[in-house]
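Reading through the C-alpha cells given below for one structure.
What follows draws every value from the coordinates through simple rules; no lab data is involved. Just so we're clear, the structure is a prediction, and the values are computed from it rather than from any experiment. Every residue, glycine as well, gets a Cβ built from its backbone with ideal geometry; the counts of neighbours run over all protein chains shown.
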Amino acid sequence: MSANKVLGIIFSNIYDEKIRELTETRTMASVPFGGRYRLIDFVLSNMVNAGINKVGVITKNNYQSLMDHLGSGKPWDLSRKREGLFILPPFSNGNSEYNTRIESLASVNRFFQHSNEDYVFLSDSNYVCNIDCKKMLESHIQTGADVTVAYRFGRIPEKYADTVSYEIDPDGRVRDALVKPNIDGACNYGLPMMIISKKLLLKLVSDCVSRNQYDFERDLIQRNIPNYHFNGYEFPGFFRSICSMNDYFESNMALMQPKVRGELFTPERPIYTKVRDDPPARYGLGSHVSNSLVADGCEIEGDIENCVLFRGVHIGKNSKVSNCVIMQDSQIGQNCRLDYVITDKDVVIKNERSMMGFQSYPVFINKGSIV
Amino acid sequence: MLPKQDVVAMILAGGQGSRLGVLTKKLAKPAVPFGGKYRIIDFPLSNCVNSGIETVGVLTQYQPLELNEYIGSGQPWDLDSMTAGVRVLPPYQRSRKSDWYKGTANAIYQNIPYIERYSPEYVVILSGDHIYKMDYSKMLAYHREKNADCTIAEIEVPMDEAPRFGILNTNEDESIYEFDEKPKHPKSNKASMGIYVFTWKKLKKYLEQDEANPKSSNDFGHDVLPAMLKAGERMFAYHFEGYWKDVGTIESLWESNMDLLDPNVPLDLSDDSWKIYSRNPVMPPHYISKEAKVQNSLVAEGANVYGEIDFAVLFSGVYIAPGAVVRDSIIMPGTRVEEGAVVQYAIVAENSVIGKGAMVGQRPEDMKNKDEWGVAVVGSDCVIQPGAVVPPKAMVDAETLAEEAQKK
C-alpha cells in the first residue's frame, strides 16, 4: 500500500451531547480512556499504523484539551514536513457554524483541494478498537467499490448513535441501508468508519449541500446506495462505541480481560499517546491490589479492586476503592470508601469520605471537584 | 558559526563498566536500565535540561549502538533544538593522530572543536553513571561567585566509607588544597562526585598541556586536576546535599533501585518541577490480576502481574506468572518469570525467561555461609530452564548458558 494515497479525517466533536458529563470541558475525541489514553488515540493510531500520514481533525468547540493533547502530532509521528497532522477548527464561509458531518466536510473543502491523496478514510472518534485499516483499504481497492463502509454482525448495542443497518450480499456489496432501524435480533450494523475516493466524497458532499440535505446517514449513504457501488467490510474484532456513561464505564472495565488488552494493544499496531514522563507506579506497605489497570505516576497505599487508575493518581492509606475509574492526578485521601465511582481529572476526595454508585449507574464527579 | 552558548555540558559515557559484568556485556553502562523506566543516563541528561543547559555532548566509545539509538535526536529530553541540543560524540578518524579516547581528559581534548563551535564560557563535565538530581545552574553561579577556574561538586560520606572515594581537602573558604585519591587515613569526608565546572579557557589550556605530556594517563582525576592545583589555579569545592549514588557495581545498582522504594530516601521522581525524562515505551498501563499480591514495589507500564511481588522494581512489559514470587529484585524490560519461579535478591536483565519453578538468588537470612551471599544476576536474553537454580552472587549470560547446554 502506498502510504500517501489515503487522507485521514476524524470528527472530534461527534456525539458530545451523549456524555455531557465528560464533554463539558472537552471534545469527545479528548475524553480520557483506559488509564493513559484519550479516545482519539485509537483512531489516530489505527490510521498511522496503516501508513496514513496526513490526518485532518475536524473540531467545532471546546477543542482546547484536544489541541493540548495532539500538539504537533509528534507522538503519532505526524509532526512532518510533508503531510502530518492538521487541526481544522470551524471555518465560516458566510453561514453560521456547522453542526453535521456534511456541513463540516463542506467547510474544509479547501483542505481537500490542497491534498494529493486519492482516498479519504473518514472516522468518528467515539469508539475504542484496533483495526487494521490497511486491510479495509485493500478490500476497497480489490472490489473496485466507490465507497467501503465498516460493519459488524450482532445485536445493536443499546443507545448506539445514528445506527445504520446494512443488507449485504455474500460478495460484500451493500444492497440496502436502514437508518435507525427497529431490529431486535442480530444484524449488520455500521461502524463509524468509511473509505471513499476524495473526488466522489467532494461530489456527494456538494450534491447534499446544494439540495440542503445534511443528514450523513440518510442523505450521503442511504440515498446513494442505488447509484454507487457500496462495499461492506466486516470487522469482527473488539469494538466498543462510547455513547453513554455506561458504555464508558463498561469499556474501561473490559480492559481487565487479558484477551481484550491483547487485541487492543497488540505490539504489531501499538496505540500511541502523549507522553507525560511520570515515574513508574509505586505501591506502598500494606497496599492491596486486585484486578486493576494502573498507569505510571500512581501512588497506592490503600486497597484497590476492579479499578482503572490514570496517571498520577494517589490512593491514601486504609482507603478501599473498588469498581472505579479514577482519572489523571485525582487524589483519594485516607479511610475513604469508593464503589462504582468515576472521577474526572484533578478531583480531590478528602479523608473519611465514602461514595457509592451502582453498576448500572456509576457516580460521576466533575473535573477539579473537591469532595 | 553557531550561536554562543554560555555553558556546554559533556557527559562521559564511554567506559565499559566492567564491574557490572553481564549487564554491560552488550551495553554501555549509561544505557543500563534503572528504576522501572529509566536508563542511567536519563539522570544527567534531565539534570542538564532542568538546569537550563541546552548543549550537551555525550562521549561514547564502548558498545555505543544501544546508547546512540536511545539518545537519538534528543527529543525525549527536549534536546533536539535547532542550534543546540544533544550530540553523540564517538572517537573518529582524522588526518593525523587518530586514536580511541585514551582517558577522560583525552576524550574532552579530542572534542575541543565541538566545544569551540559554541564559544562557551564554562564547560561542565559529568559522568554517565550516577543517580542523583542536581541543579547545575546553582553550581555554575557558585563557580562565578568564587571567580573559580575549576569547581568540583562534593558530598559528605560516612568517615568509614571515605577511603573508597576521591577526597577533597579544603581550606575555610572552600578552596581546595589537596586531592586525596582513596586515602587510607582520610582527613575529611568530602567525596568528589565526579562533577566538574571549568572555565573553558583554562580547561583548554590544561587539556593541551596534558596531551603534550607523554607520561600522562590523560585522566581528569589523575592528571589534569592535580596539574591545575599545582599551578595554583583557583579550585573550589561545591557542597551538595541530597541523594547521590555511583551505580558502578552490582551491589550499588541493586541498592539504588531499592532506594526508590524507601519513602525516606530523598530521591523523589514524582517532583513535577524536576522531572526525569526518558524515552517512554508505547504500552498500556500495567495490569495487576485478582490473585496477585503486590507490596512495596515500583511497576512500570506494560507489565502484567499475576504472581506475588514484594520490594520489586518491574520494568515495562514484564510478566510475572501466577504463583511466581519476586522479592527484593529488579526485573528489566520484557522479561518473563514463569509459574512457581522464585526470584530473590536478583537483577534479571532484558528479555529473559525464568522457567517454571526455577530459583534465582536467595535471601541472606536463608544462607548458612553469609560470605557466599550476593545479588544474583541474569544477563539479557537468557533462558533459565524450568527448575534450574541460579545461586546467589552468580552471574549468568546467554552465551555461557548456550555453551553449557551444548556440552550436555
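Collect the residues in the range A:289-321 that are free of Cβ contacts under 8 Å to residues at least 60 places away in the same chain, in a strand (DSSP E or B) and within 8 Å of chain B (Cβ to nearest Cβ), keeping them in residue-number order.
A:Val289, A:Ser290, A:Ser292, A:Glu299 - these are the residues of the range A:289-321 that are free of Cβ contacts under 8 Å to residues at least 60 places away in the same chain, in a strand (DSSP E or B) and within 8 Å of chain B (Cβ to nearest Cβ).
Here the condition is being within 14 Å of another protein chain (Cβ to nearest Cβ) and not hydrophobic (A, V, I, L, M, F, W, C); of B:Pro266, B:Pro284, B:Pro226, it holds for B:Pro284 alone. Taking (1) within 14 Å of another protein chain (Cβ to nearest Cβ); (2) of a type outside the set (Ser, Thr, Tyr); (3) assigned to a loop (DSSP other than H, G, I, E, B) in turn, B:Lys97 satisfies each apart from (1).
Residue selection: A:Glu234 fails the criterion of being acidic (Asp, Glu) and facing chain B (nearest Cβ under 9 Å).
Can you report the number of residues in the range B:15-74 which are in a strand (DSSP E or B) and within 14 Å of chain A (Cβ to nearest Cβ)?
Initially, the range B:15-74 is screened for residues in a strand (DSSP E or B), giving B:33-34, B:38-39, B:55-59.
Then drop every residue that is not within 14 Å of chain A (Cβ to nearest Cβ), which leaves B:33-34, B:38-39.
Of the residues in that region, 4 qualify.
When you go through A:Leu39, A:Leu44 one by one, which is the residue that is out of contact with any Ser or Thr (no Cβ under 8 Å at 6 or more places or on another chain) and not hydroxyl-bearing (Ser, Thr, Tyr)? None of the others qualify; the one that does is A:Leu44. The residue that is farthest from B:Met367 (Cα to Cα), among those in the range B:327-349 that are surrounded by fewer than 20 Cβ atoms within 10 Å (Cβ to Cβ) and out of contact with any Asp or Glu (no Cβ under 6 Å at 6 or more places or on another chain), is B:Glu339. Looking only at the range A:11-45, residues that are out of contact with any Phe, Trp or Tyr (no Cβ under 9 Å at 6 or more places or on another chain), more than 18 Å from A:Met327 (Cα to Cα) and either assigned to a helix (DSSP H, G or I) or β-branched (Val, Ile, Thr) (or both) come to 4 in all. Scanning the range A:212-225 turns up no residue that is among the hydrophobic types (A, V, I, L, M, F, W, C), out of contact with any Leu (no Cβ under 6 Å at 6 or more places or on another chain) and surrounded by fewer than 16 Cβ atoms within 10 Å (Cβ to Cβ). Failed condition for B:Leu27, given (1) more than 13 Å from the chain's Cα centre (by Cα); (2) farther than 23 Å from B:Met134 by Cβ; (3) in contact (Cβ under 8 Å) with a residue 12 or more places away in the chain, with all others met? That leaves (1) as the condition not met. Restricting the search to strands (runs of 3 or more DSSP E) fully inside the range B:284-348 and requiring at least 1 residues that are of a type in the set (Ser, Thr, Tyr) and farther than 23 Å from A:Gly312 by Cα gives B:325-331.
If you go through the range A:240-288 and keep only what is of a type in the set (Ser, Thr, Tyr), more than 7 Å from chain B (Cβ to nearest Cβ) and in a loop (DSSP other than H, G, I, E, B), you end up with A:Ser244, A:Thr266, A:Thr273.
Looking only at the range A:324-339, count how many residues are surrounded by fewer than 24 Cβ atoms within 10 Å (Cβ to Cβ) and free of Cβ contacts under 8 Å to residues at least 40 places away in the same chain. Working first, answer last.
Taking the range A:324-339 as the starting set, the residues that turn out to be surrounded by fewer than 24 Cβ atoms within 10 Å (Cβ to Cβ) are A:328-329, A:331, A:333-337, A:339.
Of the ones still in play, those that are also free of Cβ contacts under 8 Å to residues at least 40 places away in the same chain are A:329, A:331, A:333-337, A:339.
The number of residues fulfilling the criteria is 8.
The set of residues in the range A:222-239 that are in contact (Cβ under 8 Å) with a residue 12 or more places away in the chain, assigned to a helix (DSSP H, G or I) and more than 21 Å from A:Gly154 (Cα to Cα) contains only A:Asn224.
For the range A:226-240, residues that are surrounded by fewer than 17 Cβ atoms within 10 Å (Cβ to Cβ) and touching a Ser or Thr at 6+ places or on another chain (Cβ under 8 Å) total 1.
Return the only residue of A:Asp344, A:Asp303, A:Asp278, A:Asp339 being within 14 Å of B:Ser270 (Cβ to Cβ) and out of contact with any Pro (no Cβ under 7 Å at 6 or more places or on another chain). Show your work before the answer.
On the way: A:Asp344 fails: within 14 Å of B:Ser270 (Cβ to Cβ); A:Asp303 fails: within 14 Å of B:Ser270 (Cβ to Cβ); A:Asp339 fails: within 14 Å of B:Ser270 (Cβ to Cβ).
The unique qualifying residue is A:Asp278.
In the range A:32-48, the residues that are away from chain B (no Cβ under 12 Å) reach residues that are part of a strand (DSSP E or B) and of a type in the set (S, T, N, Q) with C-beta atoms within less than 6 angstrom, at least six apart or across chains, in these pairs: A:Val43/A:Ser123. Looking only at the range A:14-48, residues that are hydrophobic (A, V, I, L, M, F, W, C), within 19 Å of A:Leu88 (Cβ to Cβ) and under 13 Å from the mean Cα position of the chain (by Cα) come to 8 in all. Here B:Leu261 clears all of (1) over 15 Å from A:Arg282 (Cβ atoms); (2) aliphatic (A, V, I, L, M); (3) crowded, with 19+ Cβ neighbours inside 10 Å except the condition numbered (1).
Just to be sure, is B:Asp366 within 12 Å of chain A (Cβ to nearest Cβ) and charged (D, E, K, R)? For B:Asp366, the condition - within 12 Å of chain A (Cβ to nearest Cβ) and charged (D, E, K, R) - is not met.
Restricting attention to the range B:300-320, the residues that are away from chain A (no Cβ under 12 Å) and among the aliphatic types (A, V, I, L, M) total 1. Remark: B:Ser278 matches the filter, which requires a residue to be of a type in the set (Ser, Thr, Tyr) and either within 30 Å of A:Gly286 (Cβ to Cβ) or without any contact (Cβ under 8 Å) to a residue 24 or more places away in the chain (or both).
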